[in-house]
Amino acid sequence: MREFDVAIVGGGIVGLATAAALLAGDRKPSLVVLEAEDRLAAHQSGRNSGVIHSGLPYAPGSAKARLATAGRDAMYRFCDDEGIAHRRTGKLVVAVEERELAGLDELERRGRANGLANLRRLGAEELAELEPHAAGIAALAVEETGVVDYADVVRALARRIHAAGGDVRTGSRVTAIGRETNGRGRATRWAIETLAGAVSARWVVNCAGLQSDRVARLAGHRPEVRIVPFRGDYFELVEERRGLVRNPIYPVADPELPFLGVHFTPLLDGRVEVGPNARPVASRHGYRGEGIQPARAAADAASTLAWPGSWKLWRRYWRFGVDEVVRSASRKAFAAAAARLVPEVTADDLVRAGSGIRAQALDRDGRLVDDFHFVFGEREIHVLNAPSPAATASLAIGREIAGKVDLR
């Protein structure tokens, strides 16, 4: 069994950013990243909208606000340093109805509190100049937003880790974690079993995303949250209709839910992505149009149904859930949601694109955990809620976690 200073469970962008941060200092620990799948960026890190988020909507003082702001700037620098294609696009958050103006006011307040220096409030005429096909009575223009392919970022991080002497292992699904203790019962090392063999480490850092609550339980924790999967389905505008959208266009999101709503994102290659929705699904790997392993899906569904918060959430938001299921199944319904922002969009303008699963933490009272959620233990750190904007914030998250790992 090979021994390491640090074992990171999960080879997504947060796990790799943490590994890179640990290896960036003068004292480079021996380190291994254990990725369950046979490739990197197989889940959230490679299945997202590619947006470098500005930090606009997050509650001032929250971990999301702080880390998204720092991470955004770090991500732009990282892409410049590594020669990764990206673009600062800006975005428009559009109020379509009078009742949304208060929400736009709140977003502007949050953005300014979060340090966004280039916010501009637009009236209907100014919006029409920027986006002739968009509907709206007011908008916020946010210059700090951008786009990138986060799979490229993941690959660059893996290269940095290898160059610094770290070990990134794919096909290494963790099956057991045992605590080695001294005579006083204090943890000294962790014995970690994987499908590719066992390793030992002084520290274990759990960045397992969709499986993070299960990994925490393997390590002996009983987390007060459960990962419940929400699938986001994407469409694209057909090529001849891409001219309907020039900039990323977002709705004024419901502050009660940690989802941004169906929006438009022009990508680096000229495609215009529409979505995602946020449909609750049974399987944590239940991507649209891909084979689902029945045993895994059944275990995921049982996990969700056994959690008391799931039933409380459904009673509170069942209408939202039904609407999202309908949008997922019906291109016409999806187009109707998109047409609130760009009225000329019809079902014929959309073609199905990819899908992603959001690893959303849910507490026992049925509350969707809105902020990042980290649990620090004895020689262990568990990242138990890191949905969007975690990709944007990943380099800042990695530095924060690395700062908690004491290798003395």
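The values are calculated or read from the model by the stated rules, or taken from the named source; none is laboratory data. Computed from a prediction, not measured in an experiment: that's the story for all the values here. Every residue, glycine among them, receives a Cβ derived from its backbone with ideal geometry; neighbour counts consider all protein chains shown. Note: areas computed on protein heavy atoms with side chains; ligands, DNA, RNA excluded. Shrake-Rupley method; radii C 1.70, N 1.55, O 1.52, S 1.80 Å.
Per-residue ellipticity at 222 nm for the chain, helices alone: DSSP H runs ≥ 4 residues times -39500 (n - 2.57), over residue total, nearest 500 deg cm²/dmol? Provide the component values of the computation, followed by the final result.
On the way: 10 runs with 128 residues, N = 408.
About -10000 deg cm²/dmol.
Read phi for every residue in the stretch 361-371 and hand back ³J(HN,Hα) as whole Hz from Karplus 6.51 cos²θ - 1.76 cosθ + 1.60, θ = phi - 60°, with x for Gly and Pro.
Karplus-based 3J(HN,Hα) across the stretch 361-371 equals 7, 10, 8, 5, 8, x, 9, 6, 5, 8, 9 Hz.
Please check which bits of the stretch 57-95 a label hung off ARG121 would reach, taking the label as a point 7 Å along Cα-to-C-beta and the cut-off as backbone N under 19 Å.
57-58, 60, 91-95
Stretch MET1-SER62 to full length: gain in nm at 0.36 nm per residue minus the Cα-Cα span?
17.9 nm
Just the number, please: carbon plus sulfur as a percent of the accessible area of the chain, 1.4 Å probe, no ligands or DNA/RNA counted.
That share works out to 50 percent.
Give the lysines reachable from LYS404 as a straight Cα distance under 29 Å; neighbours fewer than 8 places away on the same chain don't count.
Excluding near neighbours in sequence, the set is LYS28, LYS64.
Rounded to the nearest 5, what % of DSSP beta bridges with both residues in the chain are antiparallel?
Of all bridge pairs located within the chain, approximately 75 percent are antiparallel.
How far is helix 390-402 tilted off the main Cα axis of the chain, in degrees rounded to 10, range 0 to 90?
30 degrees
What accessible area, in Å² to the nearest ten, does a 1.4 Å probe give for PHE235?
Accessible area of PHE235: about 0 Å².
Would you pull out the residues with amide H under 5 Å of VAL168's amide H, same chain only if 5 or more places away, H placed 1.01 Å from N?
VAL33
What percent do you get for the relative contact order of the stretch 181-325 when only Cα pairs under 8 Å and 6+ apart count?
The value is 17 percent.
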